[in-house]
Amino acid sequence: MATILDPKEFLEMGEILPMVDVRTAAEFETGHIPGAQNLPIFTNEERVVVGTKYKRAGKDSAVLLGLELVGPKLARFVKQAKKIAPEKKILIHCWRGGMRSGSMAWLFETAGFTVYLLKGGYKAYRAYNREQFLRKAEIIVLGGMTGSGKTEVLHEMIKMGHQVLDLEGVANHKGSVFGALGQADQPTNENFENELAKIWSGFDFDKTIWIEDESNSVGAVWVNEQLFLRMRKADVVKMDIPKIERIERLVREYACFDIADLKELVLKIEKRLGGLNVKNALESLDKGDFHTVADITLTYYDKAYLHGQQKRKGQTIYSIALEKDDPKENAKAIIEFYSNLKK
């Protein structure tokens, strides 16, 4: 008989044993446990047909139809499972820990596998994730205006042994309207949250966790409510870097992209920049004057940042003046600065 595991136990065993998600490909694509492999009992279309049969004719009729659809696939499922888990030990889950995972568990046990099932399925896993973001932890938010190099500073902190939750790295987006340039496709919102939860669960909660200052969305994905509320209550260390340094960074990061793409993105914030600024920005792009374009866009982003900062209540914001855009040195300075504040 399969061993039933709670989400914590399931994820721990998932570090050493293969995890199989038997939901449909569509369900898996929407969101899945990081590292899990998809071995769907039903195709997307078959699941719809079985669900319709259940609603119209009841459970017994739906089960019979399911058996008719799945029967010819049984041998293939076992062959695939042997490739996924050659040692014949496997973790299985479906949506609620019901018939689909139970049926696959029976099949694999019949084929000689040791099987572990996720109690409550993927739904229980998602609830467990949300609970993890409520764990007691000291969060420090790293702030700073656009072009300050916050992400690179956080990466340097990681090299120094500090804990960082890299929202932009997981989201494949740099946060601004230009943030998708040069990035891989963004994950679904569920997968974004699942990946964050995996990283979060691996932290030492007796140590500080650094997070970049973000709104509740990073591109097309959203920071879950539990985490975002904690970010809005945490202390902020704000990097103050001269505008000229930030302009140089933006030129380095974005001048390599196609002019037509940059123009299209400038036009997306036309109402916020104003007609004259947009006109000047587009003309500057035609001339290859990227410094002027960066200067114009920072005028908007700086105002937006200051406006957002003024709306925050109950947060302590500490500013640190940094002369140069040097992520390694700035990371050291910020860590020392915050450590001295806590003494």
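Nothing in this text is a laboratory measurement; each read-out follows from the coordinates by a stated rule. Just so you know, these numbers come straight off a predicted model, no measurement behind them. Cβ: placed from backbone, ideal geometry, glycine included. Neighbour counts: every protein chain shown.
Computed values, structure above
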{"read-out": "Under-5 Å amide H pairs with ILE4, H placed in peptide plane, nonlocal only", "value": "LEU117"}
{"read-out": "222 nm mean residue ellipticity, helices alone, for the chain (DSSP H n ≥ 4; -39,500 (n - 2.57); rounded to 500)", "value": "-16000 deg cm²/dmol"}
{"read-out": "Signed unit charges on C-beta, dipole axis of the range 230-287, positive-most listed residue LEU285, ALA255, LEU267", "value": "LEU267"}
{"read-out": "Alpha carbon convex hull of the range 150-304, volume per residue in cubic angstrom", "value": "129 Å³"}
{"read-out": "Pair-distance profile P(r), taking every C-alpha pair of the range 1-149, with 5 angstrom steps and integer %", "value": "2, 9, 17, 19, 17, 12, 8, 5, 4, 3, 3, 1, 0"}
{"read-out": "Relative contact order (%) - criterion: Cα under 8 Å, at least six apart; region: the chain", "value": "18 percent"}
{"read-out": "Spin-label proximity, LYS268 to the range 240-255 - amide N less than 19 Å from point 7 Å beyond Cα toward beta carbon", "value": "250-255"}
{"read-out": "Three semi-axes of the equivalent ellipsoid, the chain, Cα gyration tensor, whole Å, largest first", "value": "47, 25, 17"}
{"read-out": "Globularity ratio of the range 256-342, using Cα Rg and 2.2 N^0.38 Å", "value": "1.46"}
{"read-out": "Simple Cβ-charge dipole of the chain, Lys/Arg +1 and Asp/Glu -1, about Cα centre, in debye nearest 20", "value": "1300 debye"}
{"read-out": "In Hz, Karplus ³J(HN,Hα) per residue of the range 69-80 (6.51, -1.76, 1.60; θ = phi - 60°; x = Gly, Pro)", "value": "6, 8, x, x, 9, 4, 4, 5, 4, 5, 4, 5"}
{"read-out": "Karplus-derived 3J(HN,Hα), 6.51/-1.76/1.60, for each residue of the range 270-277, Hz, glycine and proline x", "value": "4, 5, 7, 7, x, x, 5, 4"}
{"read-out": "For PHE205, residues with placed amide H under 5 Å, excluding near neighbours", "value": "none"}
{"read-out": "Packing rank of 158-167, 91-100, 294-303, where each peptide gets the mean count of other beta carbons within 10 Å, highest leading", "value": "91-100, 294-303, 158-167"}
{"read-out": "Karplus 3J(HN,Hα) series, Hz, for the range 278-286 with 6.51 cos²θ - 1.76 cosθ + 1.60 (x for Gly, Pro)", "value": "5, 4, 5, 5, 5, 5, 5, 4, 4"}
{"read-out": "Other-chain or far-sequence residues with amide H under 5 Å of VAL218's (modelled H)", "value": "VAL223"}
{"read-out": "Selection from ILE199, GLY314, ILE90 lying farthest towards where the dipole of the chain points positive, charges on Cβ", "value": "ILE90"}
